[in-house]
Amino acid sequence: MRIKPMLAALVLALIPATAPAVATAAANPYERGPAPTAASVEASRGTFAVTSAAVARQSNFGGGTVYTPTSDLTFGAIAVSPGFTATQTSVAHFGPRLASYGFVVITINTLSGFDDPDSRGRQLLAALDHVVRTNPRVDASRLAVMGHSMGGGGALRASATRPALQASIPMAGWHTTKTWSTVRVPTLVLGGQNDPTAPNSQHSTPFYNSITAAPDKAFLELRGGDHSAPRSDNVTVRKYTLSWLKRFVDDDVRYDQFLCPAPAPNTLISAYKDTCPHA
């Protein structure tokens, strides 16, 4: 007569042992997409279908294009600025690719092609504020900036202005300010080894060295790269920009394997510095 109560007690005793595995699986509500692989982080597209919509010129930035994953989930948002005299077409490939991995992305035009880096920083933040207001898929607590050349300088300025950002990626960044000791945003600095416009010795390297308050930072130098290489659609830029944004915007530690330990110099990377470990 006591067999059934004993079985019930045994089942109840086993439940706590299995509960932690369920909790661990759901520990990060921001993970989007399947577990990454060496091939997936270099692929041209992720698993989400993407829609795009034009944004008209605004009073505080020059409009652009918003790319949104087709899903009922919410996503972190990334604003991307072009460089001096360039338009959003120069950084357009980041939009559909990053969105297909689970981000809302706005690639922007600036108010003028001649806008200085600090103006571009303000416009990046204005673009983020725009998508937060207008796109219900955006999680306002998970925002990031990217930019090329003077747009990269703008990403640094945006990070210094808004420390609540989750990530920043200046690509071949150009700015007359060389010290960014107030930046607290996890920052990935991309540079080309042979950049004649924003030589690393005058821009990316001092930027990286001066970011002393951020908990995490990295500097990647593309072997043989010129000024345009860090914003190009190549496998190295794909791998490290995606991994950095996933790790710090989505808190997705599954991507740490591509960032830590820091990669050794190879045929694609001439130098890499990092504050590993991240996790």
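What follows draws every value from the coordinates through simple rules; no lab data is involved. Computed from a predicted model, the values in this text were never measured in an experiment. Don't worry about glycine lacking a Cβ; one is built from the backbone with ideal geometry, like all the others, and counts go over all protein chains shown.
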- Message: Under a Cβ-only charge scheme (Lys and Arg +1, Asp and Glu -1), can you give me the dipole magnitude of the chain about the Cα centre, in debye to the nearest 20?
- Response: 480
- Note on the structure: In the neighbourhood of K273 defined by beta carbon distances under 13 Å, the net charge of the other residues (Lys, Arg +1; Asp, Glu -1) is -2
- Once you charge only the Cβ atoms, +1 for Lys and Arg and -1 for Asp and Glu, what is the size of the charge dipole of the stretch 98-176 about its Cα centre, to the nearest 20 debye? 180
- The whole-number value in µm²/s of the Stokes-Einstein translational diffusion coefficient for the stretch 95-197, with Rh from the Kirkwood sum over alpha carbon pairs at 4 °C and 1.567 mPa s, is 93
- Message: Positive end of the dipole of the chain, charges at C-beta (+1 Lys, Arg; -1 Asp, Glu), about the Cα centre: which of S112, G191, T134 has its Cα farthest in that direction?
- Response: T134
- Message: Only four residue types carry charge here, +1 at the Cβ of Lys and Arg and -1 at the Cβ of Asp and Glu. Report the dipole size of the stretch 41-173 about the Cα centre in Debye, rounded to the nearest 20.
- Response: 80
- Query: When DSSP beta bridges are limited to those with both residues in the chain, what percentage is antiparallel, rounded to the nearest 5?
  - Reply: 40
- Among T51, T179, F61, which residue has its Cα positioned farthest towards the positive end of the charge dipole of the stretch 38-274, with +1 placed on the Cβ of Lys and Arg, -1 on the Cβ of Asp and Glu, and the dipole taken about the Cα centre? F61
- Task: Quote to one decimal, in nm, the extra length available between R57 and A279 on full extension: 0.36 nm per residue of separation minus the C-alpha distance between them.
- Result: 75.9 nm
- Message: Taking R0 as 45 Å, what FRET efficiency do you get between D226 and A164 from their Cβ-Cβ distance, rounded to the nearest 0.05?
- Response: 0.85
- What is the mean projected area of the alpha carbon convex hull for the stretch 132-279, to one decimal in square nanometres? 8.4
- Furthest towards positive pole of dipole, L268, T74, S168, structure part the stretch 38-274, Cβ charges: T74
- Specify whether the C-alpha gyration tensor of the stretch 175-236 places it in the rounded, prolate or oblate class, a ≥ b ≥ c being the square roots of the eigenvalues: rounded for a/c under 1.5, otherwise prolate if a/b is larger than b/c and oblate if not. oblate
- Task: Return the label of the correct value of Rg/Rh (Cα atoms, Kirkwood Rh), as calculated from the structure shown, out of (i) 1.08; (ii) 1.03; (iii) 0.94.
- Result: (i)
- Message: Please enumerate, by chain and number, the aspartates and glutamates with C-alpha under 16 Å from the C-alpha of K239, excluding those fewer than 8 residues away in the same chain.
- Response: E42, E221, D250, D252, D256, D274
